[in-house]
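Notes for the one structure printed next.
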Amino acid sequence: MAGMPMAHQSQPDHAMGETSMGNGHMMHMGNLKRKFWVSLILTLPILVMSPMMGMRLPFQLTFSGSDWLVAVLGTVLFLYGGGPFFSGARGELATRKPAMMTLITLGIGVAYLYSIYAVVANNLFHVTPVVTNFFWELATLIDIMLLGHWIEMNTVMNAGSAVDALGKLLPQVAHVQDAAGHVTDVRLVNVQTGQTVVVRAGEQIPADATILTGNSAVNESLVTGESAAVKKTVGDSVIGGSVNGTGTFTARVTGTGETGYLAQVMTLIQNAQNAKSASENLADRVAGYLFYAALFVGIFAFIVWLNLTNLAGALSVTVAVFVIACPHALGLAVPLVVARSTALAAQNGLLIRNRDAVEQVKALKFALMDKTGTLTQGQFKVNHLLSLTPAHDDQAILQLMANLEAGSSHPLATGILTAAKRAGLTVTAAQDPHQVTGMGQFGTIDGTTYGLVAVTYLDQHQLAYDHAQFQALAAEGNSLSYLIGNDQVLGLVAQGDQIKPTAAKLVTYLKQHGITPVMLTGDNQETATKVAQAVGIDQVQARLLPEDKERLVGQYQQRGQVLFIGDGVNDAPSLARADIGMAIGSGTDVALEAADVILVASDPADVVAFLKLAHATNRKMTESLWWGAGYNLVAIPLAAGILAPLGFMLDPMVGAIVMSLSTIIVAINAMTLRLDRPRN
């Protein structure tokens with residue numbers, strides 16, 4: 001549709017092409033896998049021909065012109081492999097929040113410039129003493145940082161997004177009819193408001209529109225979550241992305257660009273994701289502190305040593321400070337833990353799509369969760385079936401209800417159809433079946449129009465029913481539906497949903513860790529309260545329409561960080577808006593794409609497993625960051641000569657050994673991460 005912020009086509013290398021580099025910046029990284037391997041190939045001859053922090057290693061080889069060759073290879077590596085970090089540093093500095101990218105850029109920038117100066121000074125001006133170059137450090141830092149980000153990107157978000165998934169709900173072309181009645185296939189992006197489109201049987205409706213001629217039944221599960229068809233005739237509105245039934249109709253397009261329903265949902269998701277991505281992660285904060293520390297110590301050391309020695313001596317010490325500040329271990333600290341954590345999660349039915357969700361767990365205050373399918377099985381059983389008229393017995397009421405629900409996959413419909421099957425009834429689908437959104441299912445049986453509706457419909461249409469009876473059955477935890485015909489209430493069915501065995505344990509765990517559980521449901525208040533009491537939830541929001549959920553997420557976020565658990569297209573904006581969006585595995589593709597975490601088994605115990613894993617992961621991240629940053633915190637002042645009055649200056653060899661050890665320790669620490677999975 002013209003002007004619609006449609007999703008871009010997913011590219012094969014998308015997962016390698018972009019990554020979040022802290023401070024909310026999305027930085028184009030190119031293909032990190034290719035960059036890493038090319039950089040590694042360029043690094044090998046540099047390692048052979050260049051000393052490590054001035055220390056020659058046994059395997060090193062030098063010859064006439066080798067310094068110039070190293071300089072050329074180092075320049076190519078600096079520009080090619082370092083490019084992503086330069087882009088990231090520009091983004092961080094633009095927001096005045098230097099972090100990992102700025103620290104890396106400082107290290108490799110100083111190392112490169114000083115190394116070029118060293119090659120020129122040594123080979124053209126033959127200065128004495130010989131100036132040490134840092135091409136060895138430059139190459140290894142670039143490789144390690146590229147490897148770290150490659151690992152991170154391979155273990156978190158895959159190609160695709162919620163916006164991509166929404167875009168796939170729309171067809172590529174629309175059948176546009178001109179004033180003369182001729183029909184032409186037009187690309188969807190070129191369809192305009194006011195044009196007439198033809199929608200044939202079984203096709204997806206290309207845009208929001210109003211029916212001009214014809215009638216049909218439309219599957220609006222996109223909006224309602226109910227797969228039963230909704231009757232549509234002249235004058236009715238249809239939503240782009242819904243599926244047409246057996247009829248063919250023409251319709252005038254009313255929603256294109258940003259006015260269409262899907263476009264508005266896309267905007268909600270994009271805005272929510274942008275709002276959520278503004279937080280800094282722990283590694284970026286630590287890197288930011290190290291950047292300022294290195295900058296301050298380096299400048300201070302330069303001033304001091306300039307007064308104690310000469311320009312060459314002061315410059316050498318300053319460069320050593322900046323190069324030692326390069327975060328070799330720090331750059332791997334988080335990616336290695338993330339890789340291990342994500343692998344453990346996947347093995348246990350938890351798909352982590354957004355690394356930030358793990359860090360957000362530390363500050364969670366509220367857990368908003370749906371009732372049906374999350375706390376309960378979503379498999380309803382008929383507990384009470386009553387005829388309310390002498391004209392029909394209970395079995396006749398069940399027969400009419402089953403005929404109305406024939407073909408529906410809604411959990412309440414499934415319960416009725418199961419009861420009819422057990423009673424030995426033969427179900428015959430009602431004629432002209434259609435749904436009134438949020439009210440119930442209607443159809444014609446033997447010439448009479450019947451409806452199976454919620455109590456809300458009875459209240460709105462002032463149909464008499466026994467309020468005390470409703471209260472009593474609902475208080476038992478039942479969801480009630482009423483059979484109506486000829487504006488009379490003929491019977492009722494009360495269905496109960498079984499609470500999942502691990503639901504109460506989830507609520508107990510949340511409370512023990514200072515997280516307030518809140519139930520969200522479209523069911524009646526009495527049923528919601530009954531389930532909430534059974535699992536130990538104190539706060540309940542009932543009779544919710546789909547659009548209420550995102551509003552509630554925003555309201556709770558004003559009081560603290562929020563975890564939201566849900567499914568369906570209607571939940572996608574809420575999943576994206578929440579600090580952590582968790583989708584059950586049986587949800588729609590859009591909901592799964594909008595979520596940060598996916599529960600494959602839809603088991604409440606998996607929520608506990610994720611929270612436990614997240615806490616363990618955060619501990620490991622903190623430990624690894626201390627190991628990674630600890631080296632820098634000790635080595636930077638030593639390189640600056642803080643102990644020089646005592647006759648001690650950091651030996652480059654010692655610095656290199658400690659740097660390597662800190663990297664190894666960080667890797668081992670990540671591998672020791674375990675998941676203490678709760679037992680049911």
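The values are calculated or read from the model by the stated rules, or taken from the named source; none is laboratory data. Computed from a predicted model, the values in this text were never measured in an experiment. With ideal geometry, Cβ positions are generated from the backbone for all residues, glycine too; neighbour counts draw on all protein chains shown. Heavy atoms of the whole protein, side chains included, go into the accessibility calculation; ligands, DNA and RNA do not. Shrake-Rupley method; radii C 1.70, N 1.55, O 1.52, S 1.80 Å.
Look through ALA494, ALA534 and report the one residue that is within 28 Å of ALA419 (Cβ to Cβ) and out of contact with any helix residue (DSSP H, G or I) (no Cβ under 6 Å at 6 or more places or on another chain).
Selected residue: ALA534, the only one of ALA494, ALA534 that is within 28 Å of ALA419 (Cβ to Cβ) and out of contact with any helix residue (DSSP H, G or I) (no Cβ under 6 Å at 6 or more places or on another chain).
For segment 212-236, give me each residue that is at pLDDT 85 or above, out of contact with any Gly (no Cβ under 7 Å at 6 or more places or on another chain) and at negative phi.
Once the filter is applied, which keeps residues that are at pLDDT 85 or above, out of contact with any Gly (no Cβ under 7 Å at 6 or more places or on another chain) and at negative phi, segment 212-236 yields LEU212, THR213, LYS232, THR233, VAL234, ASP236.
Output the residue which, of all residues in segment 43-60 that are modelled with pLDDT of 85 or more and open to solvent by less than 30 Å² (accessible area, probe 1.4 Å), is nearest to ALA139 (Cα to Cα).
Result: THR43.
Could you pull out the residue among ARG551, ARG543 that is surrounded by fewer than 18 Cβ atoms within 10 Å (Cβ to Cβ) and touching a Gly at 6+ places or on another chain (Cβ under 7 Å)?
Result of the check over ARG551, ARG543: ARG543.
With respect to GLY74, determine if the residue is surrounded by 22 or more Cβ atoms within 10 Å (Cβ to Cβ), touching an Asp or Glu at 6+ places or on another chain (Cβ under 9 Å) and modelled with pLDDT of 90 or more.
Spelling it out, it is not the case that GLY74 is surrounded by 22 or more Cβ atoms within 10 Å (Cβ to Cβ), touching an Asp or Glu at 6+ places or on another chain (Cβ under 9 Å) and modelled with pLDDT of 90 or more.
Does segment 637-673 hold any residues that are modelled with pLDDT of 85 or more, assigned to a loop (DSSP other than H, G, I, E, B) and either closer than 21 Å to GLY148 by Cβ or touching a Gly at 6+ places or on another chain (Cβ under 8 Å) (or both), and which are they?
Scanning segment 637-673 gives THR672, LEU673.
Given the structure, is ARG577 touching a residue at least 12 places away in the same chain (Cβ under 8 Å) and on the phi > 0 side of the Ramachandran plot?
The answer is no for ARG577.
Quick check on this structure: which one of GLY587, GLY566, GLY560 is at pLDDT 75 or above and either touching a Gly at 6+ places or on another chain (Cβ under 8 Å) or not small (Gly, Ala, Ser) (or both)?
That would be GLY566, the only listed residue that is at pLDDT 75 or above and either touching a Gly at 6+ places or on another chain (Cβ under 8 Å) or not small (Gly, Ala, Ser) (or both).
Which numbered condition in (1) at pLDDT 90 or above; (2) in a helix (DSSP H, G or I); (3) closer than 30 Å to ASP432 by Cα is the only one that THR456 fails?
Evaluating THR456 over (1) at pLDDT 90 or above; (2) in a helix (DSSP H, G or I); (3) closer than 30 Å to ASP432 by Cα leaves (1) as the failure.
Determine the pairs where a residue that is under 11 Å from GLU203 (Cα atoms), located within segment 169-181, has a partner that is among the hydroxyl-bearing types (Ser, Thr, Tyr) and open to solvent by 50 Å² or more (accessible area, probe 1.4 Å) with Cβ atoms under 9 Å apart, the partner being 6 or more residues away or on another chain.
HIS175/THR184
Scan segment 336-359 for residues that are among the small types (Gly, Ala, Ser) and open to solvent by 30 Å² or more (accessible area, probe 1.4 Å) and jot them down.
Scanning segment 336-359 gives ALA343, ALA346.
What about ALA429, is it in a helix (DSSP H, G or I) and not acidic (Asp, Glu)?
no
Quick one: which of ALA464, ALA419 is in a loop (DSSP other than H, G, I, E, B), modelled with pLDDT of 90 or more and open to solvent by 20 Å² or more (accessible area, probe 1.4 Å)?
Within the list ALA464, ALA419, the selection yields ALA464.
Can you give me the number of residues within segment 459-500 that are among the acidic types (Asp, Glu) and over 24 Å from HIS434 (Cα atoms)?
3
Is it the case that THR374 is closer than 30 Å to ASP548 by Cβ, out of contact with any Leu (no Cβ under 6 Å at 6 or more places or on another chain) and surrounded by 24 or more Cβ atoms within 10 Å (Cβ to Cβ)?
Answer is yes for this residue.
Tell me which residues, restricted to segment 298-317, are closer than 17 Å to ASN133 by Cα and of a type in the set (Ser, Thr, Tyr).
SER316 - this is the single residue of segment 298-317 that is closer than 17 Å to ASN133 by Cα and of a type in the set (Ser, Thr, Tyr).
Show me the helices (runs of 4 or more DSSP H) found entirely inside segment 488-567 where at least 3 residues are over 23 Å from the mean Cα position of the chain (by Cα) and polar (S, T, N, Q).
Correct list: 525-535.
Restricting to segment 443-453, what's the tally of residues that are more than 11 Å from LEU404 (Cβ to Cβ), part of a strand (DSSP E or B) and open to solvent by 40 Å² or more (accessible area, probe 1.4 Å)?
Here the count works out to 0.
Name the residues in segment 503-515 that are touching a strand residue (DSSP E or B) at 6+ places or on another chain (Cβ under 9 Å) and surrounded by fewer than 19 Cβ atoms within 10 Å (Cβ to Cβ), would you?
Hits for segment 503-515 are LYS511, HIS513, GLY514.
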